[in-house]
RNA sequence: UCCUGAGUAGCUCAACGGCAGAGCAUCCGGCUGUUAACCGGAGGGUUGUAGGUUCGAAUCCUACCUCAGGAGCCA
């Protein structure tokens, strides 16, 4: 009796009779010899049908299979260096084949396609090898991000997605009708995290967040996933030490589990092996100096203009990329001007024009993957900041309460899942890092 | 929102003022070791939409639509 196996485990069944269930990924028709490349979700295996070794009705099925036809195949596993597939090196000599469905003409071929076409067919594109590899790595990144926190004393506390008012900036929120009232899709769980630390100490939330920014770049989505740790009694240095441990652990977990997928993606593994603590720390002041120096050395006027920066301005993506390229690991940039950061960030003592904030910039031009800070814990200062930026204090009454009943210094950050996946996988565009991307011009499928 | 570029067969592209083409996919035929196999044959078109210039427009002009790349904004 054949054993039902996962193709991913095929190497354990050399010489045995097995059954695999899946879809035809590609086929090479050599007449009396059919090479069927079969996917089952765990891997891809070559299954070989010889006319002489099969009943004629079964061989006819093997000949008739179109791309993505579904089937159940039984045969003997044998090692063969020529056998393609993932993991590869083993193939199934077919003794029996049962057809489930001959697929209709399948639109996606194993060749180059345009972006629009692939995104229109995303529900089918997820079956393709590269997408399979990326989404498997994404799943591991998410579980590694969560497991590390769970193992280090952080507690998952879910925060709401339907919220009554702005998290940070009202202009970038998706507004919905909530029984006649205005509600917004959450763009951060941080403020709720700040409430939760007073009950649980170290917490995190993980979920989708929504930004109604009309951003049209390779690193923006309207709906993206973010994990946000928040810790009582953490200062900025504690935060950076935690982040570098955290990020490094996640990268190393992907390296352990996904050599094969990284190979499919042709990722330069050495760049990932290098991701270990500590990461460099530079201040915003130093970053601006480095950018000014870099711009001074450049002749191309266009590039020079791109890198122009005056103290007090926020970094655009050319700036972030240029700074990140100066390091071969992620780099922390600290103490940004308060004016370009959120109202709740703690000012630096004696220098209130900058705040105790830290962004982590990924190498190879992948930009900001985390953003965090120490939060203001003094009730009067927080009230003053709320008044200064002109947001309505009623909406933040509960947030101010947190500073009234046992306030403590605390810090936290948010990590964007998709940017992290893009960086670790080495992808040029964030749209492939999430199963169904929601972008400025994309809500289907 | 701004700048730049592109829309031709199911897909990827060619034809750039004078007959609408190729490769892949599909269908038919051949092949016992293929790696996006190969060889032979067949079917497949409102050239993004609307208007204009011209004897004649896929090609030139105008507007609109869609998409891509970049900027801004951000994770």
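The values are calculated or read from the model by the stated rules, or taken from the named source; none is laboratory data. This is a predicted model, so every value here is computed, not measured. Cβ coordinates were reconstructed from backbone atoms using ideal geometry, including for glycine residues, and neighbour counts include every protein chain displayed.
Criterion first (more than 15 Å from RNA strand B (Cβ to nearest atom), in the same structural domain as residue A:237 (by TED's automatic domain parsing) and on the phi < 0 side of the Ramachandran plot) does residue A:419 satisfy it?
When the stated conditions are applied, residue A:419 does not pass them.
Within the range A:360-381, can you find the residues that are within 33 Å of the chain's Cα centre (by Cα) and free of Cβ contacts under 8 Å to residues at least 40 places away in the same chain?
Hits for the range A:360-381 are A:376, A:377.
Can you tell me which of (1) over 26 Å from residue A:435 (Cα atoms); (2) in contact with a strand residue (DSSP E or B) (Cβ under 7 Å, 6 or more places away or on another chain); (3) within 11 Å of RNA strand B (Cβ to nearest atom) is the one residue A:73 doesn't meet?
(3)
Tell me which of these residue A:342 doesn't satisfy, since it passes every other one: (1) assigned to a loop (DSSP other than H, G, I, E, B); (2) more than 12 Å from RNA strand B (Cβ to nearest atom); (3) in contact (Cβ under 8 Å) with a residue 60 or more places away in the chain.
(2)
Looking only at the range A:30-40, how many residues end up being in a strand (DSSP E or B), near RNA strand B (Cβ under 7 Å from one of its atoms) and either touching a helix residue (DSSP H, G or I) at 6+ places or on another chain (Cβ under 9 Å) or touching a residue at least 60 places away in the same chain (Cβ under 8 Å) (or both)?
Final tally of qualifying residues: 1.
State the number of residues belonging to the range A:288-317 that are part of a loop (DSSP other than H, G, I, E, B) and either farther than 17 Å from residue A:335 by Cβ or touching a residue at least 60 places away in the same chain (Cβ under 8 Å) (or both).
Result for the range A:288-317: 5.
Only residues that are within 10 Å of RNA strand B (Cβ to nearest atom) and either outside the structural domain of residue A:216 (by TED's automatic domain parsing) or in contact with a strand residue (DSSP E or B) (Cβ under 7 Å, 6 or more places away or on another chain) (or both): list them for the range A:308-320, please.
Listed by number, the residues that qualify are A:317, A:320.
For (1) part of a loop (DSSP other than H, G, I, E, B); (2) more than 9 Å from RNA strand B (Cβ to nearest atom); (3) within 14 Å of residue A:75 (Cβ to Cβ); (4) outside the structural domain of residue A:263 (by TED's automatic domain parsing), each residue gets a yes or a no:
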position	(1), (2), (3), (4)
A:8	no, yes, no, yes
A:12	no, yes, no, yes
A:18	no, yes, yes, yes
A:24	no, yes, no, yes
A:28	no, no, no, yes
A:42	yes, yes, no, yes
A:46	no, no, yes, yes
A:57	no, yes, no, yes
A:60	no, yes, no, yes
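Residue-wise test of (1) touching a helix residue (DSSP H, G or I) at 6+ places or on another chain (Cβ under 7 Å); (2) away from RNA strand B (no atom under 11 Å from the Cβ); (3) at pLDDT below 90; (4) within 22 Å of residue A:10 (Cα to Cα).
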residue	(1), (2), (3), (4)
A:77	yes, yes, no, yes
A:91	no, no, no, yes
A:98	no, yes, no, yes
A:103	no, no, no, no
A:111	no, no, yes, no
A:123	no, yes, no, no
A:126	yes, yes, no, no
A:131	yes, yes, no, yes
